[in-house]
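Okay, structure first, notes after.
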Amino acid sequence: MELATLPVDEQKLNQFWSKHDSRWRHDGVVCLNPGGAYGAAKHWPAESFGTLAGRIAGELRKTVLVLCGPSERDEARAIVRAAKHPRVISLADEPPSVGLTKAAVKSAELLVTTDSGPRHFAPAFGVPVVTLFGPTHIAWSETFAPNAMHLQHPVECGPCQQRVCPLGHHRCMRDLTADTVFDAVVQLLDKTRRQTAKAS
């Protein structure tokens with residue numbers, strides 16, 4: 001599967017980046033997609049996303065762009081606050097647009113996402129993706145993308161396929177640590193770097 005972006009969406013993304021230090025984009029961008037219209041059970045805590053974003057910006061020296069839909073703007077802002085790093089920014093104050101989200105993913109070095117629609121943009125653009133699974137069985141939405149990593153914390157009650165945690169603890173996502181996801185990000189970026197070096 002392949003996707004394309006419209007020139008108007010690429011222009012919107014360029015206009016967004018023009019508001020920030022030009023070095024931020026050129027040093028490499030990792031996108032985070034915290035949303036999920038399916039239900040709260042697919043959401044990874046904003047605090048965890050914030051910790052992850054802070055480490056990517058601080059340790060890997062990448063710019064982190066938090067994506068969001070209309071209903072996820074507050075969550076995106078909370079992630080930026082939790083990250084406590086100037087190179088963690090979001091699209092929360094931009095007019096919501098699927099096209100802008102596509103353009104952002106297309107231009108990224110890597111996407112970290114919940115099991116939601118935008119995760120499927122990454123393979124179609126050839127962008128590496130780390131997907132965080134909670135209540136969903138991985139096999140139900142396997143993309144077989146070569147540069148994709150799936151993370152799922154094992155719990156005795158899951159995967160339950162429920163929109164909201166029926167037991168109220170949401171351990172499948174809460175117990176998936178930022179350290180685990182960060183390690184996956186490093187591993188996948190290193191793999192992609194080796195592939196690029198070999199191809200050249």
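Only one of the numbered conditions (1) modelled with pLDDT under 95; (2) crowded, with 18+ Cβ neighbours inside 10 Å; (3) not in a helix (DSSP H, G or I) is not met by residue 75, and that is (3). Residues of the range 82-96 that are under 18 Å from residue 61 (Cα atoms) and surrounded by fewer than 23 Cβ atoms within 10 Å (Cβ to Cβ): 82, 84, 85, 86, 87. Applying the set (1) at pLDDT below 95; (2) under 30 Å from residue 163 (Cβ atoms) to residue 24 leaves exactly one unmet item: (2).
Residues that are farther than 30 Å from residue 157 by Cβ, touching a residue at least 12 places away in the same chain (Cβ under 8 Å) and not in a loop (DSSP other than H, G, I, E, B): does the range 42-54 have at least one? Before the answer, list the steps.
To start, the set of residues in the range 42-54 that are farther than 30 Å from residue 157 by Cβ comprises 54.
Now narrow it down to the ones that are touching a residue at least 12 places away in the same chain (Cβ under 8 Å): 54.
If we keep only those that are not in a loop (DSSP other than H, G, I, E, B) too, we end up with 54.
Yes; the residues of the range 42-54 include at least one that is farther than 30 Å from residue 157 by Cβ, touching a residue at least 12 places away in the same chain (Cβ under 8 Å) and not in a loop (DSSP other than H, G, I, E, B).
Checked against (1) touching a strand residue (DSSP E or B) at 6+ places or on another chain (Cβ under 7 Å); (2) open to solvent by 40 Å² or more (accessible area, probe 1.4 Å), residue 105 meets all criteria but (2). The single condition among (1) out of contact with any Pro (no Cβ under 7 Å at 6 or more places or on another chain); (2) touching a residue at least 12 places away in the same chain (Cβ under 8 Å) that residue 98 does not satisfy is (2). Screening residue 24 on (1) open to solvent by less than 10 Å² (accessible area, probe 1.4 Å); (2) within 21 Å of residue 188 (Cα to Cα) shows it passes everything except condition (1). Residue-level check: of (1) in contact (Cβ under 8 Å) with a residue 12 or more places away in the chain; (2) farther than 17 Å from residue 178 by Cβ, residue 26 misses just (1). Evaluation of residue 10 against the conditions (1) of a type outside the set (A, V, I, L, M, F, W, C); (2) in contact with a helix residue (DSSP H, G or I) (Cβ under 6 Å, 6 or more places away or on another chain); (3) open to solvent by less than 20 Å² (accessible area, probe 1.4 Å); (4) in contact (Cβ under 8 Å) with a residue 40 or more places away in the chain shows that the sole unmet condition is (3).
The values are calculated or read from the model by the stated rules, or taken from the named source; none is laboratory data. Given the structure is predicted, the values throughout are model-derived calculations rather than measurements. Positions of Cβ are generated from backbone atoms using ideal geometry, with glycine treated the same way; all protein chains shown enter the neighbour counts. SASA here: full protein model, heavy atoms, side chains in, ligands and nucleic acids out. Shrake-Rupley method; radii C 1.70, N 1.55, O 1.52, S 1.80 Å.
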